[in-house]
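A quick write-up on the structure given underneath.
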Amino acid sequence: MKYLLFILLNCLFINSLLSYDFEVEMLNSTDPNNTHIVKYSDLIIYRQFKYTGNWKDNLGDWGKLDCAGNHTIIKEKGIILKNYCKGKNKNGDIFWLIMDRKSDSFDAGIGRITYNKGTGKFEKYEGAECVYAITFLPDRDGTFIKSKCKFSSE
């Protein structure tokens with residue numbers, strides 16, 4: 001039993017040494033001219049949007065982000081979001097991602113980011129799924145998004 005516990009703890013320690021956290025922060029401002037809202041009924045609001053923002057990661061990289069997507073707000077049921085983004089870093093490497101979120105509130109929530117494709121340094125992120133949290137500024141004229149992934153160092 002002691003050996004089994006020792007081996008298990010050793011494997012967990014080695015696994016933590018062979019992985020790293022990848023964190024990305026995204027900031028954007030919202031332009032009402034880039035938003036189209038349809039009030040389907042008093043129960044459903046559908047919103048299409050597009051925006052440009054900036055991002056930076058915990059590895060010292062940063063760049064620009066172009067996104068477009070939609071929210072569906074269903075009264076007393078919550079919100080469904082689908083957002084498609086193309087990011088480019090300072091060296092010209094590109095990534096494409098999809099953000100999905102289902103939550104109770106429009107102003108804040110937790111969702112999932114999937115990196116679909118990448119060039120250069122972002123090729124290794126293809127298929128990665130990460131968790132993100134979003135918060136809107138008080139007047140809803142911008143958002144702050146923080147994403148976190150765990151990757152193997154291999």
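The values are calculated or read from the model by the stated rules, or taken from the named source; none is laboratory data. In this text the structure is predicted, and so the values were computed from the model without any measurement. Cβ coordinates were reconstructed from backbone atoms using ideal geometry, including for glycine residues, and neighbour counts include every protein chain displayed. Note: accessible area is taken over every heavy atom of the protein model, side chains too, but ligands, DNA and RNA are not part of it. Shrake-Rupley method; radii C 1.70, N 1.55, O 1.52, S 1.80 Å.
For the stretch 123-134, give me each residue that is of a type outside the set (A, V, I, L, M, F, W, C), surrounded by 14 or more Cβ atoms within 10 Å (Cβ to Cβ) and assigned to a strand (DSSP E or B).
Hit for the stretch 123-134 is Tyr132, nothing else.
Look through Thr35, Thr30 and report the one residue that is surrounded by 16 or more Cβ atoms within 10 Å (Cβ to Cβ), modelled with pLDDT under 90 and over 15 Å from the mean Cα position of the chain (by Cα). Working first, answer last.
Values: Thr35 fails: surrounded by 16 or more Cβ atoms within 10 Å (Cβ to Cβ).
Just one listed residue meets the conditions, Thr30.
What single numbered condition from (1) at pLDDT 95 or above; (2) surrounded by 13 or more Cβ atoms within 10 Å (Cβ to Cβ); (3) assigned to a loop (DSSP other than H, G, I, E, B) fails to hold for Lys56?
The one condition Lys56 does not meet is (3).
For the stretch 87-106, name all the residues that are more than 15 Å from Asn54 (Cα to Cα) and open to solvent by 60 Å² or more (accessible area, probe 1.4 Å). Reasoning before the result, please.
Going through the stretch 87-106, the residues more than 15 Å from Asn54 (Cα to Cα) turn out to be 98-106.
Matches in the stretch 87-106: Lys102, Asp104.
Please indicate, with yes or no, whether at least one residue in the stretch 111-122 is closer than 24 Å to His36 by Cα and surrounded by 15 or more Cβ atoms within 10 Å (Cβ to Cβ).
Yes, there is a match, as at least one residue in the stretch 111-122 is closer than 24 Å to His36 by Cα and surrounded by 15 or more Cβ atoms within 10 Å (Cβ to Cβ).
Hey, can you tell me all the residues within the stretch 52-82 that are farther than 24 Å from Asp21 by Cα and small (Gly, Ala, Ser)?
Within the stretch 52-82, Ala68, Gly69, Gly78 qualify.
Return the residues of the stretch 135-154 that are in a loop (DSSP other than H, G, I, E, B) and either in contact with a helix residue (DSSP H, G or I) (Cβ under 9 Å, 6 or more places away or on another chain) or over 19 Å from Gly53 (Cα atoms) (or both); say none if nothing qualifies. Walk me through it before giving the result.
Here is the first cut: in the stretch 135-154, the ones in a loop (DSSP other than H, G, I, E, B) are 137-141, 153-154.
Those that are in a loop (DSSP other than H, G, I, E, B) and either in contact with a helix residue (DSSP H, G or I) (Cβ under 9 Å, 6 or more places away or on another chain) or over 19 Å from Gly53 (Cα atoms) (or both): Asp141, Ser153, Glu154.
Before we move on, is Ile98 without any contact (Cβ under 8 Å) to a residue 60 or more places away in the chain and more than 18 Å from Cys149 (Cα to Cα)? Working first, answer last.
Numbers: without any contact (Cβ under 8 Å) to a residue 60 or more places away in the chain: yes; more than 18 Å from Cys149 (Cα to Cα): no.
No; evaluated as a whole, the condition is false for this residue.
So which residues in the stretch 76-86 are free of Cβ contacts under 8 Å to residues at least 24 places away in the same chain, surrounded by fewer than 19 Cβ atoms within 10 Å (Cβ to Cβ) and either small (Gly, Ala, Ser) or closer than 18 Å to Gly53 by Cα (or both)?
Lys82, Tyr84, Lys86
Which of the residues belonging to the stretch 135-154 are modelled with pLDDT of 85 or more and open to solvent by less than 40 Å² (accessible area, probe 1.4 Å)?
Ile145, Ser147, Cys149
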